[in-house]
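Derivation of every value follows stated rules applied to the coordinates shown; laboratory data play no part. Model, not experiment: these values are computed from the prediction. All Cβ positions, glycine included, derive from the backbone under ideal geometry; neighbour counts span all protein chains shown.
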Amino acid sequence: MNRIIETENLYFRYKNLEILVDVNFYVSSGEFIGIIGPNGAGKTTLLKILVGLLAPSSGKIRVFGRDPQLLGKNRHLVGYVPQANEADKNFPITVREVVALGRYHEKGFFTNLNAEDFKIVESSICKMDIENIADKQFNALSGGQKQRTLIARALAQKPSLLILDEPTAGIDVKTQVSFYQILKKLNQEGITIIMVSHDIGALTKEVSRIVCLNKKLHIQGCPADIMKSKYLKKLYGYDVLLLTHEGKENDNEP
Ligand SMILES: Nc1ncnc2c1ncn2[C@@H]1O[C@H](COP(=O)(O)OP(=O)(O)OP(=O)(O)O)[C@@H](O)[C@H]1O
Ligand SMILES: [Mg+2]
C-alpha cells in the first residue's frame, strides 16, 4: 500500500532533553492508527513534527513524499486538530465561520470563497453532525462540540490525512460512540486517520493499528495483539487492561 508518512531514525530534543528517540514510523494510505503512551511520552511532539510545526533534531521524515515543512500547495492534504486549549476564548465567531476557515488552507488567505467552497463547508458541517449548532458562537460550545467543529474545519480543507490529538478527552461515553462512528465513516470514505488518545478501551475497538510511544516507538500492531501484550503494563506503570471495557477478560497476566 501507498506509504503517506515515513520517518527514519527520527530524534527530537529540547535543549539537552531527549523527547523522541530513534522513531521509525510509517503510515499507509487508508489506515486508522491510534497512538497511545503516558503523559509526556512525546505524542503531541511527534504529531507536530508530522504536520510541520516542529522540525526534527535529526533523522528523516516524509509526508506525502516531502518534508512536511515544505508541502506547499499540498498542505491542505493534512488536516490537524490540536490538543484542546483555551486559546481565542473571547474571539466572536460562529461555528459555520470556524469551519469556513478550513477552505483558506487550500485556496490561500487572500481569496474569496465561492459557491463551491460554501458547499464544502456545509457538507463538512453535515459530516460532523453539527448542523443544529452551526449558527452558535464557537465560544459558547461544550468541549465535545468544539472538537467536532474543529474536525469539520479540518475536513473543509479536503484532507487525505486527518491527525487528531486527544479528540475524545472530556467527552462522555455516549457522545464518544457516535464520534467514533463518524471517524470510522470518514476512514471508509478514504481519509487516513492518526489519533492520539488515552482512552485505550474505546480506541482499541475502532482502529486498525495501535502504536505505543514513550520517547521510543516501543511496540505496534493490531489492537488484539497489543491488548495481550505485557508491554502495556510496563508502558503505563499500572494495569491498563483493568481500566478498559474488556476488563480482566484480556488480561492474561498473573
Ligand atoms: N515547548 C516546550 N519546551 C520544553 N519542553 C517541552 C515543550 N513542549 C513539550 N515539552 C516536553 O516534551 C515532552 C513531551 O511532551 P508532549 O507534549 O509531546 O507529550 P504528550 O505525550 O503529548 O503528553 P500528554 O499525554 O500529556 O499530552 C514533555 O516532557 C514536555 O514537558
Ligand atoms: Mg499531548
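Over all distinct Cα-Cα pairs of the range 1-72, the Kirkwood formula returns a hydrodynamic radius of 12.6 Å. Computed from backbone phi with θ = phi - 60° and the Karplus coefficients 6.51, -1.76 and 1.60, the 3J(HN,Hα) list for the range 18-27 is 7, 9, 10, 10, 6, 8, 10, 10, 9, 9 Hz; x is used for glycine and proline. By DSSP, the beta bridges lying fully in the range 3-250 are antiparallel in about 55 percent of cases. Seen from K158, the other residues with C-beta closer than 13 Å to its C-beta sum to a net charge of +3, counting Lys and Arg as +1 and Asp and Glu as -1.
Per-residue Karplus couplings for the range 211-216, computed as 6.51 cos²θ - 1.76 cosθ + 1.60 with θ equal to phi - 60°, are listed in order as 10, 9, 10, 8, 6, 9 Hz, Gly and Pro entered as x. Cβ-Cβ distance of K234 and K158, R₀ of 45 Å, FRET efficiency by 1/(1 + (r/R0)^6): the value works out to about 0.65. Taking the chain as a Gaussian network of alpha-carbon nodes connected by springs under 10 Å, the highest mean-square fluctuation of the residues S208, S160, S142 belongs to S142. Using every pair of distinct Cα positions in the range 87-130, the Kirkwood expression returns a hydrodynamic radius of 11.3 angstrom.
Full extension of the chain between K205 and S28 yields a length gain of 61.8 nm, computed as 0.36 nm times the residue separation minus the alpha carbon distance. Provide, as a two-decimal number, the C-alpha radius of gyration of the range 3-250 over 2.2 N^0.38 Å, N being how many residues it has. Normalised Rg, Cα atoms only: 1.02. The ranking of K73, K15, K60, K43 by Cβ neighbour count inside 10 Å, starting from the fewest, reads K15, K73, K60, K43. Backbone phi angles across the range 33-41, fed through the Karplus curve with coefficients 6.51, -1.76 and 1.60 (θ = phi - 60°), yield HN-Hα couplings of 10, x, 9, 10, x, x, 4, x, 6 Hz in residue order; Gly and Pro are listed as x. Normalised Debye scattering of the range 30-110 at q = 0.14, 0.18 Å⁻¹ gives log10 I(q)/I(0) of -0.65, -1.02, counting only Cα atoms as equal scatterers and leaving out solvent. Note on the chain: GNM, Cα springs under 10 Å; of N114, N187, N139, the largest mean-square fluctuation is that of N114. In degrees, nearest 10, range 0 to 90: what is the angle between the Cα axis of helix 115-127 and the longest Cα principal axis of the chain? Result, in degrees: 40. If you run the Gaussian network model on the chain, springs between alpha carbon atoms under 10 Å, then out of L17, L161, L150 the most flexible one is L17. Calculated on the alpha-carbon coordinates, the convex hull of the range 106-216 measures out at 142 cubic angstrom per residue. Ranking of C212, C126 by neighbouring Cβ atoms within 10 Å, starting from the fewest: C126, C212.
For the chain, the longest principal axis of the alpha carbon atoms and the long axis of helix 173-188 meet at an angle near 80°.
For the cross-link pairs K119/K158; K60/K228; K158/K185; K60/K215; K136/K174, which exceed 20 Å when the distance is taken from alpha carbon to alpha carbon? Beyond 20 Å: K60/K228; K136/K174.
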